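Below you'll find the structure, written out as structure tokens, and then a few comments.
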Amino acid sequence: MFQRPLIPILFSFFGGIFICHNLLSSYHGFILPVFLCVAVFLFTALFMSSRLRVYFLLLTFFFTGIFLTLQKHGPSQIEPLASQRDKVTIEGTILEPVKRTKKTARIRVRAHRVFVRDEMIWVNEDILVSVYYNFPRLEPGEKIRFPARLRHFKNFNNPGRYDYESAMKMKGFVCAASVSDGRRIVLMGQGNLPFSRRFVEKIQRPTREFFQKRLDNQDCALFRALILGERQDISPSLREPFNQTGLGHVLAVSGLHIGLVAGVVFFLFRGVFLLSYRLILKTDISKLAAFLTCLPVIGYTCLAGFQISSQRAMIMVLAFLWSVILGREKEVWSTLALAALLILAVDPQAMFSISFQLSFIAVIGILWLTPAILKRIPMPSETPQRKKTVFDFLFIYFIGLMVVSFSAMIFLLPITTFYFHRISLVTILANVTVVPVLGLWVIPFGLLSAVALPIFPQAAGAFLELGSWGLHAIMAMIRFWSDLPWSSFWVITPNLFEMFMFYALITFIVFYKRWKGAKIGILILAIIISADIAYWTHSVRFNRDLRVTFLDVGQANAALIAFPGGKKMLIDGGGFSGDTFNVGKMVVAPCLWHSKIARIDYLVLSHPQSDHMNGLRFIARAFHPKEFWYNGDRVETASFKELISIIESRKIKKLLPADLSRVREINGVRVEVLHPMPVERSIRPFKNARGLNNNSLVLKISFAGKSFLFPGDIEREGEKILISNAGHGVKSDIILSPHHGSRSSSTKEFLNMVRPGICVISSGEGNFFGFPHEQTLRRLRDIGCRVIRIDRTGAVKISVGPDRFDVRTFFREKEM
């Protein structure tokens, strides 16, 4: 600890930030007492012995972490307005280029004034504005005024959820705003950009316009991401090959890019200085090269928008360059700790961001594992009889690159599977083939074109053309690796305990020969890991109960049925009408992976509307279902055609009501299709939404004396037909409210026949339709039914067994 004090100081700083983030973030009155603690401990440390001084410094940094985090959690003036969901008029400045899709435009706006009712409020906070129609052409720095409805960022509250609310707060947004028609946005001239953003925009705009003029859409999107740090035009289809090959990090200007630039510039300067014999004698050329390399690193960071990821990378690279300048380049762990301290001093919330964790854990893995692996690889050496050849140097370079990629991949494995649920089998080969071209060709020529643009536009065009050739080569390699059928696969999510066991195992393996207890540690870990695998295998594949989980998918439906013995069914998959957000991939699948579910046996679509259907496409693609149940209705929408195409290409068996007319027994559970009646095995085209609703596939699932009814979106007419055909067969203990609690469903006649004890309502909080309607809630109360609203409780899990009936919600249930 005394040899490298920065490392325990960093952990103390971590502790302060963590405690404040989880326990003290709302206690703003603690700022002054905490500041006094920092001052007292720092002042006391000055008069202590060197040994005791370290402990007081640890306390100082602990309270400094709390103090800086409390400052970041200051109260917002706009956030209370979002809670009221009133319409307001906002005046502010556009901070970044607009991100456009086919159906929406998203704008980062620094709000200056908010007009609500007859009051004007001065503010200085960032909001994320979504525009749905008639997008105007807007540029960073323009001042705009627009009417909007403010809303909070909201999580989908399921097990294994992605914390969207915290992620948006870490990006600096206080809330979101919706503008239904872009024609309501009024341009008001030049806005008030912060100085740093104004400086960056002055640098970026000519280069951005140059790229847009000289390159096609795909090349422009990629060069803007690689050089300017602007990923607004990177579409999901363009991003997917990068993700499949483990190269998704390439699209964000971060440690890789700035490190590559620093490495190329450093060795270029050093090579030039080596040509001067006099300079070699007078100065340390490595220190001089490191000092001069700082300028291009800072310049690239500014050109890349000085965004959070590039700021962190710049601080990390500058810390390592200054360790060379100060002659402390061997103190890599202290340098890494110093870089982390500087980054967290600027933004304490960075500790909880994915990019910060990935960057530092990757560097730790490289510094720790790479030397140990390289020691075991025989390398060509130079002797008096034999000098190294060009092939020897190439061999050493590519072996080193492969070992670095392998070290980073292995050490990041728990983190990447926890956040991204994916493992790429070609990531090492992809990195070895792509990174050299990226670092020695594409980025240098892209930067040269940006530097030459204001001085010599013709040369800038030539540099950009050369860079685009390298970019095409990169894309060809990425597509080659991503097109391999085994390039990547989806995996279940490890929990924190399993991640700890993984790193403990790596530690014991690395120190196998140096620690006497390493063998015993590996043996104990092997037993614990085996027990963990056995527990989850029994829980997922050999469960005795019927478990039904109603997922939180907003204004939509999705329910997971876990049958005794391990088979799984998913009834509907959620979705949004705009289809700009992949609910299946981002909401439903993470919940399944969190529960260690890698396969869905039965995929059920109640009816082909977006809020029930769109999420099923990813599930059909990634979870290998055997059967697809649907009512036969066909609609002429792109999402329905894509779903059917996936079903057919994967040879998933399609079953219509005529095929499901008999009661199915699945591991002792009775599954009945009550509606529509299996008159004939036909496929029907539909255009009318109400017709689709009333023809919903209605399932009844019964086990151990309890039954569940899944009525889709049937409305009054559909309920009459269902009662007429099924009679008392609709009687169920638990019902998923038809049509999300609409007044046009859940009629008195229908509810009196079903007589549910529990009604689960899946409707998004503050939805446009006002679901659930008060009439529906009143009818449910009249029959003594317990109502559980997913928008208030989060996901609902009901377990049924011969001697068990258990209802659990993600949050504590709020009484109706």
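Between Ser645 and Lys720, what FRET efficiency follows from the Cβ-Cβ distance if R0 is 41 Å, with the result rounded to 0.05?
Values: r = 35 Å, r/R0 = 0.86.
The pair Ser645/Lys720 has a calculated efficiency of 0.70.
With contacts defined as alpha carbon pairs under 8 Å and 6 or more residues apart, what's the relative contact order of the chain in percent? Before the final figure, lay out the partial values.
Working: 1459 pairs, mean separation 63.0, N = 816.
Reported relative contact order: 8 percent.
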Inset, instruction - With Cα extents along the principal axes in Å in mind, check [x] 100, 70, 62; [y] 92, 67, 64; [z] 109, 89, 52 and report the label derived from this structure. - result: [x]
Inset, instruction - Scan around His607 for amide H atoms under 5 Å from its own, H built in the peptide plane at 1.01 Å from N, and keep only partners 5 or more places away or cross-chain. - result: Leu697
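Expressed as a whole percentage, what fraction of the accessible surface of the stretch 4-162 belongs to carbon and sulfur atoms when a 1.4 Å probe is rolled over the protein heavy atoms?
Exposed carbon and sulfur together represent 62 percent of the surface.
Return one whole number: the accessible area per residue of the stretch 151-290 in Å², for a 1.4 Å probe. Intermediate values should be presented prior to the final figure.
Working: 7040 Å² over 140 residues.
Per-residue value: 50 Å².
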Legend entry - DSSP-loop chymotrypsin sites (Phe, Trp or Tyr not before Pro) across the stretch 43-138, with at most 13 other Cβ within 10 angstrom: Phe47, Tyr133
Legend entry - Potential lengthening between Glu165 and Phe30 on full extension [0.36 nm per residue; Cα-Cα distance subtracted]: 46.2 nm
Inset, instruction - Could you work out how far helix 354-374 tilts from the main Cα principal axis of the chain, as a 0 to 90 degree angle to the nearest 10? - result: 60
Legend entry - Accessible-area composition of the stretch 168-250, carbon plus sulfur, in percent [1.4 Å probe]: 52
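Please list 343-351, 25-33 highest first by mean number of surrounding beta-carbon atoms within 10 Å per residue.
Working: 343-351: 20.0, 25-33: 12.4.
Ranking the peptides 343-351, 25-33 by packing returns 343-351, 25-33.
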Inset, instruction - In nm, give the distance between the simple-model label positions of Thr580 and Val332, each being 7 Å from the Cα along the Cα-to-Cβ direction. - result: 4.4
Legend entry - With DNA, RNA and ligands ignored, accessible area of Lys87 (1.4 Å probe; Å², nearest 10): 120
Inset, instruction - Please give, to one decimal in nm, the separation of the simple spin-label points placed at Arg634 and Ser530, each 7 Å out from Cα toward the Cβ. - result: 5.5
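Using only the heavy atoms of the protein chains and a 1.4 Å probe, how would Ile646, Ile783 rank by accessible area, largest first?
Values: Ile646 10, Ile783 35 Å².
From most exposed to least exposed: Ile783, Ile646.
Rounded to a whole number, what % of the accessible area of the stretch 390-549 do carbon and sulfur atoms account for, probe 1.4 Å?
Working: 6770 of 8750 Å².
Roughly 77 percent of what the probe reaches on the stretch 390-549 is carbon or sulfur.
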Legend entry - 0 to 90° range, to nearest 10: angle between helix 443-452 axis and the chain longest Cα axis: 70
Legend entry - FRET efficiency for Val346 and Ser381, using Cβ-Cβ distance with R0 set to 41 Å, rounded to 0.05: 0.40
Inset, instruction - Please work out the average accessible area per residue across the stretch 46-118, using the 1.4 Å probe convention, and give it in Å². - result: 54
Legend entry - Value at 222 nm in deg cm²/dmol, rounded to 500, when DSSP H runs of n ≥ 4 in the chain each add -39,500 (n - 2.57): -15000 deg cm²/dmol
Legend entry - Accessible area expressed per residue, the stretch 492-560, with surrounding protein chains retained (probe 1.4 Å, Å²): 58
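Please give the length that would be gained between Phe199 and Asn767 if that part of the chain were fully extended, namely 0.36 nm times their separation in residues minus their C-alpha to C-alpha distance (nm, one decimal). Kindly include the intermediate steps, with their values, before the conclusion.
Values: separation 568, 0.36 × 568 = 204.48 nm, distance 4.07 nm.
Taking 0.36 nm per residue and subtracting the Cα distance, the gain is 200.4 nm.
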Legend entry - Amide H partners (placed H, <5 Å) of Asn543, local residues excluded: Gly565, Gly566
Legend entry - Label point distance in nm, Met499-Ala518, each placed 7 Å from Cα along Cα→Cβ: 2.6
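Report for the chain the percent antiparallel among DSSP-assigned beta bridges with both residues inside it, nearest 5. Spell out each step's value before the answer.
On the way: 68 of 95 bridges.
So the antiparallel bridges in the chain amount to around 70 percent.
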Inset, instruction - On the full set of protein chains, 1.4 Å probe, figure out the accessible area of Asp713 and give it in Å² to the nearest 10. - result: 0
Inset, instruction - Pop the C-beta distance of Thr283 and Thr101 into the FRET formula with R0 = 56 Å and round what comes out to the nearest 0.05. - result: 0.55
Inset, instruction - Report, in degrees rounded to the nearest 10, the 0 to 90 angle that the Cα long axis of helix 457-483 makes with the longest principal axis of the chain. - result: 50
Inset, instruction - Starting from the Cα-Cα distance between Ser83 and Arg183, subtract it from 0.36 nm times their residue separation and give me the gain in nm to one decimal. - result: 33.4 nm
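The values are calculated or read from the model by the stated rules, or taken from the named source; none is laboratory data. Values in this document were obtained by computation on a predicted structure and should not be read as measured data. Quick reminder, even Gly has a Cβ in these numbers, built from the backbone with ideal geometry, and neighbours come from all protein chains shown. Side chains included, ligands, DNA and RNA excluded: accessible areas come from the protein's heavy atoms. Shrake-Rupley method; radii C 1.70, N 1.55, O 1.52, S 1.80 Å.
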